[in-house]
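Colleague: Quick one: structure below, then a few questions.
The values are calculated or read from the model by the stated rules, or taken from the named source; none is laboratory data. Keep in mind it's a predicted model, so treat the numbers as computed, not measured. Ideal geometry is used to build each Cβ from the backbone, glycine not excepted, and the neighbour counts take in all protein chains shown.
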Amino acid sequence: MLYVVLLFLVVSFFLYVLLGGADFGAGIVELFSSVDNQKPIKKTVYNVMGPVWEANHIWIIILIVILWIAFPETYNVIVVYLHIPLTLALLGITLRGAAFIFRHYDAIKGQSQKLYDSLFRIACLITPIFLGMSFGALVTGDIKLLERNPDLGFYDAYVHPWFQAFPIAIGCFFAALCSFLAAVFLIGEANADEKKMYIKKATVAIISVVVLGTIVLIIGFVQKRDFVLDFISDVYAIAAVGISALLLIPLWKTIRNGNVVWCRFLAGFQIALILFAAAIVHFPMVIQTASGRLDFMQNIAPESVINVLGISLIIGGLLILPGLFHLLKSFRMIKALEQDH
Amino acid sequence: MDNLDAARLQMAFTLMFHIVFACIGMVMPFFMVISHYKWLKTKKEVYLTLTKAWQKGVAIFFVTGAVSGTALSFELGLLWPTFMKHAGPIIGMPFSLEGAAFFIEAVAIGFYLYGWKNLNPKFHWWTGVIIGVSGVASGILVVSANSWMNAPSGFDYINGQFTNIDPVKALLNPAWFTQALHMVLAAFASTGFAVAGIHAYQVYKGNNRLVHEKAFHIAIIFGGIAALLQPLSGDLSAKDVAKRQPVKLAAMEAHYHTEKGVPLFIGGIVNEKSESVTHKIEIPKALSFLAFGDFDAEVKGLSDFPKDERPPVAIPHYAFQIMVTMGGIMAFSALAYFISVRKRNWWDRKWFWLVFAILTPVGYIALEAGWVVTEVGRQPWIIHNVMRTKDAVTPMPGMIYSFWFYVFLYSILTATVIWLMRRQIKVLNATG
């Protein structure tokens with residue numbers, strides 16, 4: 001059952017990055033667009049993401065719940081030492097969700113729309129940055145456990161681990177990944193006129209991903225972060241990132257040819273490769289503290305808990321996935337199905 | 001204020017908001033599908049207008065409920081990491097099932113909101129029913145996790161270690177049924193009265209009477225039935241608490257000294273220092289009867305418990321009085337409504353609508369007061385007789401800033417939601 005639980009954990013993490021990430025990315029793309037372009041983007045985003053926009057964000061709740069039930073030690077470290085960036089990410093999630101519904105469900109469409117729009121866009125930018133920073137803090141290696149350092153000051157314990165160049169760079173990198181996903185996703189939904197614009201956006205997003213990714217590696221290398229040093233000497237990680245980079249060529253071709261199914265599949269696969277590379281370096285020692293790595297698979301919940309969790313997840317999955325699939329199909333969100341007809 | 005109090009305040013504050021949003025999100029879908037059903041059956045335009053107006057309300061409250069719920073799933077860990085480290089695995093089952101129920105609700109709401117044009121009308125209507133059913137299921141599951149804190153079960157606690165964990169037993173802990181029943185009825189009663197009240201006010205003002213009157217009747221029938229059933233469920237809860245958490249019952253009733261044939265206090269001012277209650281009305285032997293079904297039963301008083309295991313007394317006592325008063329008012333008004341169905345000329349009187357308009361907030365006041373009773377009454381424990389709240393709180397200092405941050409954020413959200421609702425009503429009135 002442990003493997004079932006792990007599978008659900010990995011799948012919900014991946015789906016949150018992919019779907020939630022694309023949602024955040026849509027707001028980021030909107031934020032960095034000219035006023036003329038913002039209107040059509042807003043409309044497209046609403047049309048395609050409306051029906052699923054809340055479902056996309058439930059993956060993070062599933063993720064958190066699995067973490068706290070099955071991996072309480074890891075969860076405990078995360079919530080104690082990353083209290084501040086997680087609270088800020090939460091602020092972003094709250095404002096984004098609220099602003100989305102406000103801007104589409106306000107009975108009177110007036111001046112207030114401007115406020116909702118900027119709130120939505122800014123929240124879409126800061127949330128992935130703080131989520132990325134939180135992940136960054138876990139691999140930076142500056143988390144000092146209070147059990148070992150009882151006299152630690154506030155700044156050293158709760159701020160320094162995430163508020164420094166390396167995790168911030170990872171946060172920005174993640175935001176760029178989100179905008180990349182959104183831009184590729186939106187290409188498939190746009191009409192001919194808008195398509196050109198989204199292709200431009202996708203190009204900018206790809207460039208930012210590459211540039212920010214390089215910055216992450218340079219900072220990590222200069223600061224001698226174990227994560228980066230081990231990353232560049234890990235064959236699998238390098239291979240995964242290399243393949244992901246090479247896939248940009250077919251991605252580019254599919255975008256040009258208007259092959260929506262393949263370009264989405266490729267973009268998703270690229271993200272999966274990058275996540276795989278980041279996870280494989282130290283797995284299962286995901287969290288790197290100042291005093292060593294924490295084994296993710298140690299101190300897990302007792303077997304009885306894992307079994308019940310596994311069964312609940314399977315039942316939940318059997319109930320949810322057909323519904324979700326049908327939802328996506330009904331609103332023509334799975335392009336592969338449409339082309340069959 | 002110390003860190004613990006700030007963290008408790010923050011939790012209380014965010015839960016206070018979430019509970020209202022969540023109740024509306026749980027109950028309004030039922031009103032919506034009734035109206036929708038009538039539209040499908042009668043094809044009267046007024047029901048379509050109403051369904052669409054309520055659907056917007058459902059969407060707005062679903063989202064505010066969802067984001068404030070996401071916030072809580074973070075906060076549980078951020079504020080109470082030690083609690084979650086030990087209790088998380090034990091009460092994981094209701095939370096994982098709740099996650100599933102919530103997911104189903106989100107999928108159903110996607111279908112419902114966006115499915116007016118291209119879904120089969122019957123299928124479309126059923127997705128609305130699923131929103132409501134899965135919402136109620138979510139509510140029951142979350143309350144089950146809370147009731148576990150009152151009636152911890154499904155584990156052995158040996159030398160500070162939680163062993164032999166049985167998640168199913170923890171889910172079906174001894175308090176889950178009474179608490180879940182009380183909460184579901186409370187959700188229907190409070191939301192029924194609130195929605196009915198808002199529409200009653202519009203009838204009172206003479207706006208688009210056709211729509212608002214229909215809306216009022218749908219909401220008040222749900223709210224009224226729940227309000228009439230609630231005292232029975234309250235009785236079950238009281239008897240359960242008397243058995244399992246006698247110290248909580250003693251605090252609710254401000255009952256200090258163990259006696260037989262104990263009177264029930266109505267009102268009264270609690271003096272926690274001198275351990276006395278003044279200015280109260282006493283009903284002889286009533287507490288013994290309500291708690292144990294026997295006028296001469298012995299009821300344990302607070303002084304039987306060590307000082308460091310007693311909850312605050314004044315807060316639960318006052319909150320309990322408020323809850324019962326509001327509940328009584330609602331049950332009484334519900335009765336009045338069902339009489340008015342026979343005496344329809346009441347509906348032509350302005351005062352009828354004014355009374356129900358004034359009753360808009362009573363359900364939520366009762367709801368919040370009830371949660372204060374159960375949560376403050378559980379102190380100083382976060383897990384009854386197992387873990388103290390002060391041992392569960394985050395080691396991170398400065399929680400008071402976090403508290404103010406949440407106050408600021410939630411106040412803005414609430415103000416915006418109220419403003420949006422007013423705009424919805426404005427537009428709805430313009431259609432008539």
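Colleague: How about region A:1-120: which helices (runs of 4 or more DSSP H) wholly inside it have at least 1 residues that are basic (Lys, Arg)?
Modeller: Hits in region A:1-120: A:35-49, A:83-105.
Colleague: Working only within region B:389-421, note down all residues that are crowded, with 16+ Cβ neighbours inside 10 Å, β-branched (Val, Ile, Thr) and modelled with pLDDT under 85.
Modeller: B:416, B:417
Colleague: I need a count of the residues in region B:353-370 that are part of a helix (DSSP H, G or I) and surrounded by fewer than 19 Cβ atoms within 10 Å (Cβ to Cβ).
Modeller: Residues in region B:353-370 being part of a helix (DSSP H, G or I) and surrounded by fewer than 19 Cβ atoms within 10 Å (Cβ to Cβ): 4 in total.
Colleague: Pick from B:360, B:414: which is in contact (Cβ under 8 Å) with a residue 60 or more places away in the chain, over 28 Å from residue B:84 (Cα atoms) and within 14 Å of chain A (Cβ to nearest Cβ)?
Modeller: Only one candidate passes the filter, namely B:414.
Colleague: To continue, here is another question. Across region B:85-133, which residue is farthest from the other protein chains (Cβ to nearest Cβ) among those that are in a loop (DSSP other than H, G, I, E, B) and among the aliphatic types (A, V, I, L, M)?
Modeller: For region B:85-133, the residue satisfying everything is B:91.
Colleague: Looking at (1) within 30 Å of residue A:158 (Cα to Cα); (2) facing chain B (nearest Cβ under 7 Å); (3) among the hydroxyl-bearing types (Ser, Thr, Tyr), which one does residue A:105 not meet, given that it meets all the others?
Modeller: Failing condition for residue A:105: (1).
Colleague: So, one more: Before we move on, is residue A:90 facing another protein chain (nearest Cβ under 7 Å), within 21 Å of the chain's Cα centre (by Cα) and within 23 Å of residue B:417 (Cβ to Cβ)?
Modeller: Yes: the conditions hold for residue A:90.
Colleague: Which of the residues belonging to region B:296-317 are farther than 23 Å from residue B:285 by Cβ, assigned to a helix (DSSP H, G or I) and not hydrophobic (A, V, I, L, M, F, W, C)?
Modeller: B:307, B:308, B:309
Listed here are the residues, each with its yes/no results for (1) within 12 Å of chain A (Cβ to nearest Cβ); (2) within 30 Å of residue B:3 (Cβ to Cβ); (3) free of Cβ contacts under 8 Å to residues at least 12 places away in the same chain.
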residue	(1), (2), (3)
B:41	no, no, yes
B:47	no, no, no
B:50	no, no, no
B:53	yes, no, no
B:58	yes, no, no
B:64	yes, yes, no
B:70	yes, yes, yes
B:75	yes, yes, no
B:79	yes, yes, no
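Colleague: Could I ask something else about it? Against the condition more than 10 Å from chain B (Cβ to nearest Cβ), without any contact (Cβ under 8 Å) to a residue 12 or more places away in the chain and more than 26 Å from residue A:275 (Cβ to Cβ), how does residue A:112 come out, does it pass?
Modeller: Judged against the criteria, residue A:112 is not a match.
Colleague: Another question, if that's okay. Name every residue in region B:240-262 that is part of a loop (DSSP other than H, G, I, E, B) and either crowded, with 18+ Cβ neighbours inside 10 Å or polar (S, T, N, Q) (or both), in order of residue number.
Modeller: Once the filter is applied, which keeps residues that are part of a loop (DSSP other than H, G, I, E, B) and either crowded, with 18+ Cβ neighbours inside 10 Å or polar (S, T, N, Q) (or both), region B:240-262 yields B:245, B:253, B:254, B:255, B:256, B:258, B:262.
Colleague: Also, quick follow-up: Collect the residues in region A:55-76 that are modelled with pLDDT under 80 and in contact with an Asp or Glu (Cβ under 9 Å, 6 or more places away or on another chain), keeping them in residue-number order.
Modeller: Correct list: A:56, A:57.
Colleague: One residue is enough: does region A:70-79 have a residue meeting the conditions among the charged types (D, E, K, R), in contact (Cβ under 8 Å) with a residue 24 or more places away in the chain and more than 8 Å from every other protein chain (Cβ to nearest Cβ)?
Modeller: No, the conditions are met nowhere in region A:70-79.
Colleague: Now for a separate question. Kindly indicate whether residue A:123 is at the interface with chain B (Cβ under 9 Å from one of its Cβ atoms) and touching a Leu at 6+ places or on another chain (Cβ under 9 Å).
Modeller: no
Colleague: Can you confirm whether residue B:61 is crowded, with 20+ Cβ neighbours inside 10 Å and of a type in the set (Phe, Trp, Tyr)?
Modeller: Considered against the rule, which asks whether it is crowded, with 20+ Cβ neighbours inside 10 Å and of a type in the set (Phe, Trp, Tyr), residue B:61 comes out as yes.
Colleague: Here's another thing I want to ask about it. Please work out which residue is nearest to the other protein chains (Cβ to nearest Cβ), limiting yourself to region A:126-140 and to residues that are under 15 Å from residue A:92 (Cβ atoms) and of a type in the set (Gly, Ala, Ser).
Modeller: The qualifying residue nearest to the other protein chains (Cβ to nearest Cβ) is A:134.
Colleague: Within region A:255-282, work out how many residues are polar (S, T, N, Q), in a helix (DSSP H, G or I) and surrounded by fewer than 20 Cβ atoms within 10 Å (Cβ to Cβ).
Modeller: 1
Colleague: Conditions: (1) more than 11 Å from chain A (Cβ to nearest Cβ); (2) of a type outside the set (Asp, Glu); (3) more than 27 Å from residue B:171 (Cβ to Cβ). Residue B:27 meets all but one. Number of the miss?
Modeller: (3)
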